[in-house]
Amino acid sequence: MALLPLIIWLIEDLLYVIVFPGLVVIMIIVIFLIYLERKIAAKVQMRFGPLWVSKKIGGALQSIADLMRFSFQEFILPNGSDSLAFLMAPGLMFSFALLPLIFIPVGPYYTSLFPSGLTILFSIALITITPIYAIIVGWSSDNKFSFIGSLREAFLLISYEIPLLLSVVAMIIIYKTLDYLPAVAFQEVHSLPGIIINPIAALVFIIVAIRSTGRFPFDITEADSELVMGLFTEYSALFFGIGMATPYIELYIMSLIFSLLFLGGWWPISSHSAGLIGGLFLPGVAVIMKAFIVMAILVFLRSVYPRYRLDQAVRSGWDKIIYLSIIAVLVSIVEAIVI
Amino acid sequence: MSNKKRKTRGVIEGHTKALATGFRYLVEPNRMTLDYPAETIKLPSNYRGFFTVDDKKCIGCSMCEMVCPPEAITMVPRVVSSGGNTVPADQETSTGAKPAKKTKRPVVNWGRCIFCYFCFDICPVDAFISSPVHDLSFYDDADYRPTYEKYLKLPEEPYKDSKKVTSKPDLKRGIKYEPAP
Amino acid sequence: MLINDPDIIKESQVKEDEKRGIVEILVHDVQSLKTVAQRLNAIGFDHCVSVTGIDLKGKIAVIWHLSSYSKNELKGKVIQLRIDMELNVQIDTAMPKNFRAPMVSVPSLVNIWESALFHEREAHEMFGIDFQGHPDLRPILLSDDFYGKWPMRKDFTFDKSDIKIE
Amino acid sequence: MILKLNEGVFNIEDVANLELSGDRQIELQIGPSHPGSGHMRIKVTLDGDIITRVDPDIGFVHRTSEWLSERREFIKAIPIVERIMLPDTVHANLSYILALEKILDIEPPPRAQYLRSLAAEINRITSHLYGIGIFGIFLGSSTVYMWAFGDREPFIDLMEALTGARITNSYIVPGGVRWEMPKGFKEKAESTLQYMEKRLNDYNDIWAKNPVVEARTINVGVISSLDAIKLGIVGPNLRASGVDFDTRKDSPYAAYSQLDFEIPKMENGDSYDRLLIRIEEIKQSMRIIRQILKDIPDGKIIADGIYSQLNPVMKKVYEQNQRAMFPAFFLNMRPPSGESTARVEAGRGEIFFYLNTDGNKYPNRFRWVTPSFRNLPFFTKVAVGHRLADLPTIYGSIDYFPPEADR
């Protein structure tokens, strides 16, 4: 019976893509992250935060209530908008934000799925596609505020692309691979996480992650005191909800990559463990826990920082971060030679 | 354009202190919010809330009507209750009730009142009675203009079963809510 | 005496009331308003606090309240430069009917006190004072349909049916 | 043309050379319903990201306070002026009463003067906290917004204990104040002040010395002292430019001539200085409150001329409850004909009052100018040449309050 292994293979891999660490986990994580962000901000700001939806569990269902609201709200299509682009762009943005996930392994089990050896390259390449749809979102709205927001997005996209790539390149030089699995194995063998091997690259990566997901202090495209809602000024209903969720998905993916490249991946679980539980589930939990801590730290920044101005962010991108990333690459080269 | 150098913190010190302060507030218990309406404040006795008039003290002089800045007070003929029946003032004698000396009484339109308490202070006999009830709304438009009889009864406090607290200045949270005695 | 400049005293009538905080310079003639204003500016009254009018029934008194930030001895003082004007501007018949209340015309002092810019705009729409030489006399606080009605004048009436009481 | 890209601030001359027509220009209508506008519309013309023209369109919340007050008894103007300046009610109330007292020729007793200063300083702190909070949210710092509005609460609680209302106190009447300080007020005020002192350090760490805030505000919206004088800027914004002017010092009212305090002054006149000066003024206000609580003289809270007009019931109320009621004179007030001016240093700057009476029941002319209206040139003059993102910075830093400007 050659059919049975095929069926098992299909089920396992569907499970992998759809449930873990795929769509279901993302959904739960995004919903909980939004709740957590609001609660963290509320704690720093000496107040309750979301509470009265499900008061007994501290308002934990607030995000789900918001999701329901977005789902059933009336959708308004502005008159002057480019309707096709207006309707398509948020969905495309959302799905392209999700795509990198198929190239991000959360356990050694993953080898059987995509033995490509280029997963780092693919995932980083896919990450940089999302902002292009963000620009389309702003452009199609026929609103000056959205338009300015998309221009800002474009400026920031260009100025932070290179540091992102360079910081990853710095780690690739050390790991001498374009695949996540050997990269994690490298950290496990040397029992050194990437953040200690090359802290500058880690710093650059985290700054770029803040920037590209629009966390404070780089909340420039959505600066509400200037641009109302930035790109999503004209959006409503589910389209708005999708637009709001996209940065959180990006944040999740950036955090996953960060924990794989810099925090030792599924360490302390061995890369040699196999099977659905040992090879996928437990390592996955470890990676997602690490990613979640990174995300929690990044959303905490909201309660500390105001936002930078566009020109300051762009200038620091070309002025400081790019030099930092070049230094990170140099450090990696030196380390690679020495080791 | 002035370009005087000024003392600013270094970037690293500035970021560290900002993050540290934020983190300190994240872990420290510091909430200053009142969980209204699960908790309600017991307000000081001089709080300017809904008020009524002492029917016995009032002499019907209309000073309150004249001083009222938003013109919320109107003088209405007095209505007394005698033997369970409510009758307008001019019918008092015919039903055997004791005639009142003055026949006008103030009634406040709550939709207009701004709670400045000028009526309290202009009243030559100090006939108004204050209460700290303030968090009240009315079901429909007519309820904003009570009849005199309705007006005489002070509105009931909403959220009766809520926890009563008093606010106290606190060195850590600014305001601390303690259960009222 | 706060104001003892001979040029000003010649052109105007100075009245001081220390207790009520009033120093009034009542200019006799429109022609000399700018000269007096320039003298006051030279004395040290460097900014304009308020520009307003008073409806004197047939006449409009235009008042500039002035004060000083730069001169220590003038800092606490407010003086008022006042001129009483007849309603003298003929109505432009090309204007719509409700725009026909007569105006008064005085020279704008924005060139002397830049801070009077918004105050003169307000006085213009409220009292119908035509400030000659003001760069921008659009209404500022009121909506366009009030323009020409000069609502702060005593004879201003509004259509009560427009307003819902209670 | 190439704009200098060094400090993020451009010279006005550079901007003047830009072409003001053609497709380069884009006009933004910020407001009247926009998270960054308040109750006003700011028409902004942009060249790229640079503001080339700002036209503030105000008047959306014009409430005709002058018109209404000229058609009412004098006493009824108190709630009207208060409601124009909601974060600053005591100052609005005080300025009107000062002008009225000058015409009526009433001098309040010393204790009432001190109580007026007390209420005014508590109110100044709340007003500055309001300004700091709004500035915070304009720059995107929701924490400072929440903190400042939360920290207003203890001070509003103080006002509530003093006057029985949180914001619209109507505390000051001709001849004095309406209520005596309640029992336990001093201890309550002292612990509130101690709390605020402690908190100001945290404000420093998370707000004033935050590198992001420094980057956003330093050298943004600079107005030189000469320009500030020429444009007639008022209040903390004027003093941030280095002009030494404060009505409390230069023409003292209430109890300020007997109090020892300093007027904070800054040099650079940029948004950062305007941010710092408000924190400094909070410190000075706390110093004044401490002095008042220590030095407040005993005595009546209402002038003898008013007290003697109270009827026996009212006098009894005064003795028992320490509450000064109104004599009938307040209602039928017909002040002698004349005119008077009054100036009060409110939280946002100087309120100017001009009152003209003709012996009637109603004022002949009731004119007042609020500080925000006089700070309008910041939009037309100072914001030009900055980036779009600097407009909220300048708006927030001058603590502009549209309902106050519109009156």
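The values are calculated or read from the model by the stated rules, or taken from the named source; none is laboratory data. Source: prediction; values computed, not measured. Reconstructed Cβ throughout: ideal geometry from the backbone, glycine too, with neighbour counts over all protein chains shown.
In this entry, A:Thr246 is excluded by the filter for residues that are polar (S, T, N, Q), more than 12 Å from every other protein chain (Cβ to nearest Cβ), crowded, with 24+ Cβ neighbours inside 10 Å and under 21 Å from A:Ala328 (Cβ atoms).
Take the residues in segment D:239-258 that are touching a Ser or Thr at 6+ places or on another chain (Cβ under 8 Å) and closer than 22 Å to C:Lys19 by Cα, then tell me which one is nearest to the other protein chains (Cβ to nearest Cβ). Of everything passing the filter in segment D:239-258, D:Tyr253 is nearest to the other protein chains (Cβ to nearest Cβ).
Scanning segment A:89-133 for residues that are at pLDDT 85 or above and under 14 Å from A:Phe232 (Cα atoms) gives A:Ala89, A:Pro90, A:Gly91, A:Met93, A:Phe94, A:Tyr133. Only strands (runs of 3 or more DSSP E) whose full extent lies in segment B:121-181 are considered here, and the ones with at least 2 residues that are within 14 Å of chain D (Cβ to nearest Cβ) and hydroxyl-bearing (Ser, Thr, Tyr) are B:163-170.
The listed residues are D:Ile292, D:Ile306, and the only one of them that is crowded, with 17+ Cβ neighbours inside 10 Å, within 30 Å of B:Tyr47 (Cβ to Cβ) and touching a strand residue (DSSP E or B) at 6+ places or on another chain (Cβ under 8 Å) turns out to be D:Ile306. When segment A:178-226 is limited to residues that are acidic (Asp, Glu) and touching a helix residue (DSSP H, G or I) at 6+ places or on another chain (Cβ under 9 Å), the one that is surrounded by the fewest Cβ atoms within 10 Å (Cβ to Cβ) turns out to be A:Asp224. Only one of the listed residues (D:Ile122, D:Ile134) is out of contact with any Lys or Arg (no Cβ under 9 Å at 6 or more places or on another chain), part of a helix (DSSP H, G or I), farther than 29 Å from B:Ile122 by Cβ and touching a residue at least 60 places away in the same chain (Cβ under 8 Å). That residue is D:Ile134. If the condition is being more than 14 Å from every other protein chain (Cβ to nearest Cβ), in contact with a Phe, Trp or Tyr (Cβ under 8 Å, 6 or more places away or on another chain) and not in a helix (DSSP H, G or I), then segment A:48-72 contributes only A:Ala60.
Would a scan of segment D:165-184 turn up a residue that is assigned to a helix (DSSP H, G or I), away from chain C (no Cβ under 14 Å) and of a type outside the set (Phe, Trp, Tyr)? No, segment D:165-184 has no match at all. Taking only segment A:139-183 into account, find how many residues are within 22 Å of A:Ile200 (Cβ to Cβ), outside any helix (DSSP H, G or I) and of a type in the set (D, E, K, R). Qualifying residue count for the region: 1. In segment D:43-65 there is at least one residue that is touching a helix residue (DSSP H, G or I) at 6+ places or on another chain (Cβ under 8 Å), closer than 30 Å to D:Phe329 by Cα and away from chain A (no Cβ under 14 Å). Being modelled with pLDDT under 85 and either not assigned by TED's automatic domain parsing to the domain that holds D:Ile97 or not basic (Lys, Arg) (or both) is true for just one of D:Phe373, D:Phe329. Which residue is that? Only one candidate qualifies: D:Phe329. Restricting attention to segment D:351-372, the residues being within 9 Å of chain C (Cβ to nearest Cβ) and surrounded by fewer than 24 Cβ atoms within 10 Å (Cβ to Cβ) number 3.
Only residues that are more than 8 Å from chain B (Cβ to nearest Cβ) and under 13 Å from D:Arg387 (Cα atoms) were counted in segment D:211-225, giving 4.
Out of the residues in segment D:380-403 meeting the condition of being more than 14 Å from chain A (Cβ to nearest Cβ) and surrounded by fewer than 24 Cβ atoms within 10 Å (Cβ to Cβ), tell me which one is nearest to D:Asp105 (Cα to Cα). Break it down into steps so the answer makes sense when it comes.
First pass over segment D:380-403, keeping only residues more than 14 Å from chain A (Cβ to nearest Cβ): D:380-382, D:384, D:398-399, D:401-403.
Still in the list and also surrounded by fewer than 24 Cβ atoms within 10 Å (Cβ to Cβ): D:380-381, D:384, D:402-403.
On the way: D:Thr380: 41, D:Lys381: 42, D:Val384: 47, D:Pro402: 34, D:Pro403: 32 Å.
Top of the filtered list is D:Pro403.
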